Amino acid sequence: MKKRHNGFIALLLFLCLPLFAADKKGLEERYKGKYLLVLREGLAVGMCEGRPEVPSGTALDVRITGDTAEFGRQASAGTGMTGCGEIIPEPLHKGEIVFAKYTWFRRLKGGYFTITVETVTPHQVRRSERVSRHEGLKFGKADLIFETSDAKDYDAVASMVEVWLRPFDTRSEAAQHGNTASGVYVKEVKLGMTFAEVEAALGPPQTRADLGEKVLYKYKDMTVEFHGGKVTDVK
């Protein structure tokens, strides 16, 4: 009786296991064309200085093994045609949403599952490291390359992906779980921050209103109020 009971429990456990992708096609279709919610810090997309978005065919390579992601500045292919000499990493943040444009899986000493993602909203980034006030809105792109030692275990690959990303069919569905209702990542502004600290987080304001001791920084979806040079309210 005990042996039969143990077998029944084992069957229940098997049925409860998350089956993400039974085969290669299922793995690719689980993410392709989906909106992906970023679940943790550590990923990045690539951007080209002097261009609002990364040219077609050019993306930052991010190699992911388990809970570790590796990337850095990379030379761009086709510099003469695209005008992009170097791809510069720009961090993705927990709660942000990206779009999975392509997916593919290949076997080579294990398995490599790649998701090509693009930012759905631009990031406020510096155009020049020397001039911190010169900032602009830019889109980015990355090839997120998930490495596995077992090329046939597609469910294990999906489990690895979903340590970092969660797929949704629509942007609005993803936004419900994101950093804000719009799905746009919002850098944190805290009480007591200075003008320089707010600008480092959000960029220069669209308008600035000096009202005696009170100063208002107005952004598209936010107003930051200062008294005595320090943040006292965020609306």
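A short reminder: the numbers here are calculations on the coordinates, not readings from a lab. Predicted, not measured: the structure shown is a model, and the values here were computed from it. Backbone-built Cβ (ideal geometry, glycine too); neighbour counts: all protein chains shown.
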Once label points are set 7 Å from the Cα along Cα→Cβ at both ASP23 and LEU108, what is their separation, rounded to one decimal in nm? 2.4
How many nm separate the modelled label positions at LYS214 and LYS101, each set 7 Å beyond the Cα in the direction of the Cβ? 4.5
Quickly work out the THR65-to-GLU147 label distance, labels modelled 7 Å from Cα along the C-beta direction, and quote it in nm with one decimal. 0.4
Which order do the peptides 41-47, 26-32 take when ranked by the mean count of other beta-carbon atoms within 10 Å per residue, highest first? 41-47, 26-32
Taking neighbour Cβ counts within 10 Å as the exposure measure, how do VAL231, VAL157 sort from fewest upward? VAL231, VAL157
